[in-house]
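The structure appears below as C-alpha cells.
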Amino acid sequence: YSLPNKIFEYLMAELPIIVPNAIEMKNFVLEKQVGVVLNENNCEELNKAINYMIEIDRNKFHLNIINTKNTYNWEFQEKVLMKLYNNLDLNKDINVK
C-alpha cells in the first residue's frame, strides 16, 4: 500500500488529481474529495476525466485541496513524526532474535 509522491506534489500545486482505479489512490482521492478516479485504466477514460476537469468549476475541489494540502505537507507531518519519536521508550530492552 502506498501513494505516489506525485499526488502530494499536485496537492501542493493546488491541482485537482486524476488517478487510476488503484485501491490506495482511489480511497485517498474519494475520501478527501480532491479529484476524480478513472472507472477503467485506459485512454478513453483518461480523456473523459480530463474533459470533465476542464468543464467543471475549478472551485469544486479547491477547498478540499487546500484542507488536504495543509495536513499532508512536511511542516505538519514533521510534528506528527517528532511526536512519535518523542514518545518512544528508548530505555526499553529490544529483543533481537
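The values are calculated or read from the model by the stated rules, or taken from the named source; none is laboratory data. Since the model is a prediction, treat every value here as computed from it, not as a measurement. With ideal geometry, Cβ positions are generated from the backbone for all residues, glycine too; neighbour counts draw on all protein chains shown. These accessible areas exclude ligands, DNA and RNA; they are computed on the full protein's heavy atoms, side chains included. Shrake-Rupley method; radii C 1.70, N 1.55, O 1.52, S 1.80 Å.
Key figures for this structure:
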{"quantity": "Condition met for Lys48 (closer than 26 Å to Trp74 by Cβ, assigned to a helix (DSSP H, G or I) and either of a type in the set (Asp, Glu) or open to solvent by 70 Å² or more (accessible area, probe 1.4 Å) (or both))", "calculated": "no"}
{"quantity": "Matching entry among Glu9, Glu75, Glu14 (being under 12 Å from the mean Cα position of the chain (by Cα), surrounded by fewer than 15 Cβ atoms within 10 Å (Cβ to Cβ) and without any contact (Cβ under 8 Å) to a residue 24 or more places away in the chain)", "calculated": "Glu9"}
{"quantity": "Residue that is farthest from Lys69 (Cα to Cα), among those in region 27-44 that are open to solvent by less than 90 Å² (accessible area, probe 1.4 Å) and not in a helix (DSSP H, G or I)", "calculated": "Asn42"}
{"quantity": "Pairs with Cβ under 6 Å, 6+ apart, first in region 39-57 and free of Cβ contacts under 8 Å to residues at least 24 places away in the same chain, second β-branched (Val, Ile, Thr) and open to solvent by less than 70 Å² (accessible area, probe 1.4 Å)", "calculated": "none"}
{"quantity": "Matching entry among Leu30, Leu38 (being touching a Pro at 6+ places or on another chain (Cβ under 7 Å) and not hydroxyl-bearing (Ser, Thr, Tyr))", "calculated": "Leu38"}
{"quantity": "Search result, residues across region 55-73 that are at pLDDT below 90 and assigned to a helix (DSSP H, G or I)", "calculated": "Asn59, Lys60"}
{"quantity": "Single match in Lys69, Lys60 (criterion: of a type in the set (D, E, K, R) and open to solvent by 100 Å² or more (accessible area, probe 1.4 Å))", "calculated": "Lys60"}
